[in-house]
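Down below is the structure, laid out as structure tokens.
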Amino acid sequence: TKKHGSDVMNGSSALVDNIGASQSRRVFWDQDVYQLELERIFSRCWLMIGHDSLVPKPGDFITTYMAEDRVILSRQPDGSLKAFINSCTHRGNQICHADSGSAKAFVCNYHGWVFGQDGSLVDVPMEERCYHSDLDKSKLGLAPIRVETYKGFIFGCHDPEAPSLEDYLGDFCWYLDTIWDGPDGGLELLGPPLKSTLACNWKVPAENFVGDGYHVGWTHAAALQMIGGELAGLSGNRADMPFDDLGLQFTMRHGHGFGLIDNAATAIHVKRDGYVKYLEETRGGIREKFGPERERLYVGHWNTSIFPNCSFLYGTNTFKIWHPRGPHEIEVWTYTMVPKNADTETKRSIQREAIRSFGTAGTLESDDGENMSSATYNNNGIITRKGWMNSSMGKDREGPHPVYPGIVGVSFIGETSYRGFYRFWQEMLDAPDWAAIRANDDTWDAMWTNRNFWPDRLSAKQAE
Ligand code: FES
């Protein structure tokens, strides 16, 4: 019965059931699963590689990773962006070792080959004497990477057949616009990123951020009381806590998703007066620009993942990339996400609180780290690894919503977005190419046909 539903999804033995409600424990441990992820997910999906605010001027560059591949992102003289593999086409040396800077060229420190801002090979030491006009420099540029941006966020992709970034984000754009566009100019990232390593599989934090509302009141009970009192009644996962209508959960066709806690952006910012004031002052602009449904999102708190390995918390405003380092380790890169047009003091106060809660040694980050490592390393046991994990919470209390795009679950505490993440994860592993994934759109639509949870629920509420 552990078979995935679609014809294009049978390339590998299924590690996830057909609704994403259970996963083999091998997904957190096996080296062969990880290799398949590198080839079929990280080599074919759009991966977050930067933000306009990190490379504002021509010549500015940052170095980053796409999975385990080193990458240079470079702002061109005409203002456009290019990205290429950070590896010399002579003998493979890493070209650029700086985290960021401004450069007219990138010079390899092994034999001195010089690459331009656009990655082309522009100079070779003693070229005539060594190569006798035999070297075709035009074929030896750094390997280029497809780059597209959405509202200032920069993504890279290795697959020319992948959809545009906007199509890849799909319905999620409707949500992202609320904060990435904002009332007056959107967001920027404050770098450089904090970097740390964590002994866990990359999917443990990705799934936690995409939709684990369940752990918040338990894992973080003490920290929540310390930073701001009870948050939407979550602290301690009390038995009398309402489940339905405690925010919402969302999942999209390509595995992106988030959990919403209503009104929490202001509730958790009790020590962040500047930010609370900013949100209150600008929420009217959001209502005018996007309508009341998205004003609700604007003053809520989001636990979010963009498939596969980019996550953020809006409200707490931490922004994470989970760079995989083999199946059992990740490098965590942490930026702070701030409103571009807020004043400097407000930006700094947001950053201070984001680092206190979700920086490398942050109160809530430390709570999570131990669980993430344990959930990974427990699967080194061969018998343990034969088991399955469960993410069935709220599976009959979700569906298409008359207002909100994608699929919506009834509560922040649910596993709707878990299931969406893992359904797409299995689909990417199985599909031979993006054409097969596109052909599977109908399967996705069919899954939700006649799922009348929301129309029924909303009309019942109206009748009350
Ligand atoms: Fe880069 Fe030789 S490896 S110049």
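The values are calculated or read from the model by the stated rules, or taken from the named source; none is laboratory data. Computed from a predicted model, the values in this text were never measured in an experiment. Because the Cβ atoms are built from the backbone with ideal geometry, glycine has one as well, and the counts that use them run over all protein chains shown. Calculation scope for accessible area: heavy atoms of the full protein, side chains included, ligands and nucleic acids excluded. Shrake-Rupley method; radii C 1.70, N 1.55, O 1.52, S 1.80 Å.
Taking amide H as placed 1.01 Å from N in the peptide plane, ASN86 has its amide H under 5 Å from the amide H of ARG70, VAL71, ILE72, each at least 5 places away in sequence or on another chain.
Of the cross-linked pairs LYS277/LYS320; LYS57/LYS151; LYS151/LYS347; LYS139/LYS195; LYS203/LYS277; LYS320/LYS461, those separated by over 28 Å at the C-alpha level are LYS139/LYS195; LYS203/LYS277; LYS320/LYS461. With 5 Å bins beginning at zero, the pair-distance distribution over Cα atoms of region 284-427 amounts to 2, 7, 12, 17, 19, 16, 13, 8, 3, 1, 1, 0 %. Charge dipole (Cα centre; +1 on Lys/Arg Cβ, -1 on Asp/Glu Cβ; no other charges) of the chain amounts to roughly 640 debye. When only alpha carbons are used to place a centre, region 37-113 and region 137-171 end up 13 Å from one another. Projecting the Cα atoms of THR363, TRP113, ASN201 onto the dipole axis of the chain, where Lys and Arg carry +1 and Asp and Glu carry -1 at the beta carbon, places THR363 farthest toward the positive end.
Find the Rg to Rh ratio for region 47-150, where Rh is the Kirkwood radius over alpha-carbon pairs and Rg uses the same atoms.
Values: Rg = 13.8 Å, Rh = 14.0 Å.
Expressed as Rg/Rh, it is 0.98.
Geometric descriptor of region 380-464, per residue, is 130 Å³ (volume of the convex hull of the Cα atoms).
When +1 charges are put on Lys and Arg Cβ atoms and -1 charges on Asp and Glu Cβ atoms, the dipole computed for region 47-150 relative to its Cα centre reaches about 60 debye.
What trypsin sites (Lys or Arg not before Pro) does region 93-197 have in DSSP loop regions with at most 13 other beta carbons within 10 Å? Here the trypsin sites (Lys or Arg not before Pro) that fit, given the DSSP loop and packing criteria, are LYS104. Rolling a 1.4 Å probe over the protein heavy atoms leaves ASP262 with an accessible area of roughly 40 Å². Looking at TRP425, SER392, THR449, which one has the Cα that reaches farthest to the positive end of the dipole of region 390-450 (charges on Cβ: Lys, Arg +1; Asp, Glu -1)? So the residue furthest toward the plus end is SER392.
Residues whose amide H comes within less than 5 Å of that of ILE49, counting only those at least five positions distant or on another chain, are ILE154, PHE155, GLY156 (H built at 1.01 Å from N in the peptide plane). Since only THR334, ILE413, PHE307 are under comparison, the one whose Cα sits farthest along the positive direction of the charge dipole of the chain, derived from C-beta charges on Lys, Arg, Asp and Glu, is THR334.
In whole percent, what relative contact order does the chain give with Cα contacts below 8 Å and a gap of six or more residues? Each step should come with its number before you reach the end.
Numbers: 972 pairs, mean separation 99.1, N = 464.
Contact order relative to length: 21 percent.
Each principal axis of the chain carries a Cα extent, and these read 86, 55, 39 Å when sorted largest first. For region 104-225, the orientation-averaged shadow of the C-alpha convex hull comes to 13.4 nm² (one quarter of the hull surface). Adding -39500 (n - 2.57) for every DSSP H run of four residues or longer, then dividing by how many residues the chain holds, sets the calculated 222 nm ellipticity at -8500 deg cm²/dmol.
Look at the alpha carbon pairs under 8 Å that are at least 6 residues apart: their mean separation over the length of region 47-150 gives a relative contact order of 22 percent.
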